[in-house]
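The values are calculated or read from the model by the stated rules, or taken from the named source; none is laboratory data. Here the structure is a predicted model, which is why all the values come from computation and not from measurement. Backbone-built Cβ (ideal geometry, glycine too); neighbour counts: all protein chains shown.
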Amino acid sequence: MPFAARTAAKVPTRSAFASALRRLARRDHSEAEIREVLTGLGHDREEIDETIARLKASRYLDDKSYAERYTRSRVAGQLQGRVRVRHDLRQRGVSGELVERALTGVAADGTERDALDAAARKYWRFHASVPPETRLRRMWGFLLRRGFPSGMVGECLRSLWPKHGETLESLDVAETETE
């Protein structure tokens with residue numbers, strides 16, 4: 001069979017299990033991601049189902065653990081908030097229940113609050129040349145884009161920079177009007 005015909009038909013060159021293991025050796029994946037990759041490689045549904053079952057039995061694939069590790073990594077390591085992490089995990093095909101359980105764990109131990117504090121302080125330092133009122137307004141938007149809830153952002157900024165309370169109050173009002 002000529003090369004062009006073979007690639008057009010998407011004939012898998014290795015087993016689904018081997019392909020999945022190669023993916024999982026590089027980084028964690030959700031079950032939905034592995035299914036999507038294996039489907040794209042041309043594996044049939046039955047082989048994919050067997051592979052997923054085998055990966056789960058070997059504990060190489062576990063959406064609950066994946067959601068917990070991903071959440072901790074994003075919140076503590078990359079200073080992202082729950083809104084963004086929730087969106088990213090849902091995009092990766094993790095069920096809503098598992099996502100909420102992972103987020104609850106991070107919120108309960110204060111990791112998200114610590115990440116918000118660190119992100120705010122880092123932003124403040126890196127933008128030292130910008131006037132404080134402008135810096136606070138920009139930081140507000142930055143932290144919201146990072147996925148932190150607006151109420152938590154307001155509390156954090158008020159506790160870190162209480163002398164700029166008027167600016168922060170105007171941001172609270174503007175935020176509630178747009179919601």
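In the stretch 128-142, which residues are within 16 Å of A118 (Cα to Cα) and either assigned to a loop (DSSP other than H, G, I, E, B) or outside the structural domain of C156 (by TED's automatic domain parsing) (or both)?
The one that is within 16 Å of A118 (Cα to Cα) and either assigned to a loop (DSSP other than H, G, I, E, B) or outside the structural domain of C156 (by TED's automatic domain parsing) (or both): A128.
Does any residue of the stretch 84-91 turn out to be β-branched (V, I, T), surrounded by fewer than 21 Cβ atoms within 10 Å (Cβ to Cβ) and assigned to a helix (DSSP H, G or I)?
Narrowing the stretch 84-91 to residues β-branched (V, I, T): 85.
After this cut, where a residue has to be surrounded by fewer than 21 Cβ atoms within 10 Å (Cβ to Cβ) as well, the list is none.
No: zero hits.
Going through E133, E155, E100, E175 one at a time, which residue ends up being at pLDDT 95 or above and surrounded by 13 or more Cβ atoms within 10 Å (Cβ to Cβ)?
Numbers: E133 fails: at pLDDT 95 or above; E155 fails: at pLDDT 95 or above; E175 fails: at pLDDT 95 or above.
Going through E133, E155, E100, E175 in turn, just one is at pLDDT 95 or above and surrounded by 13 or more Cβ atoms within 10 Å (Cβ to Cβ): E100.
Scan the stretch 104-130 for residues that are in contact with an Asp or Glu (Cβ under 8 Å, 6 or more places away or on another chain) and either buried (at least 19 other Cβ atoms within 10 Å of the Cβ) or of a type in the set (A, V, I, L, M) (or both) and jot them down.
Here is the first cut: in the stretch 104-130, the residues in contact with an Asp or Glu (Cβ under 8 Å, 6 or more places away or on another chain) are 105-106.
Matches in the stretch 104-130: V106 only.
Scan the stretch 59-83 residue by residue and report those that are over 29 Å from M139 (Cα atoms) and outside any helix (DSSP H, G or I). Walk me through how you get there before you give the answer.
Of the residues in the stretch 59-83, the ones over 29 Å from M139 (Cα atoms) are 59-66.
Correct list: R59, Y60, L61, D62.
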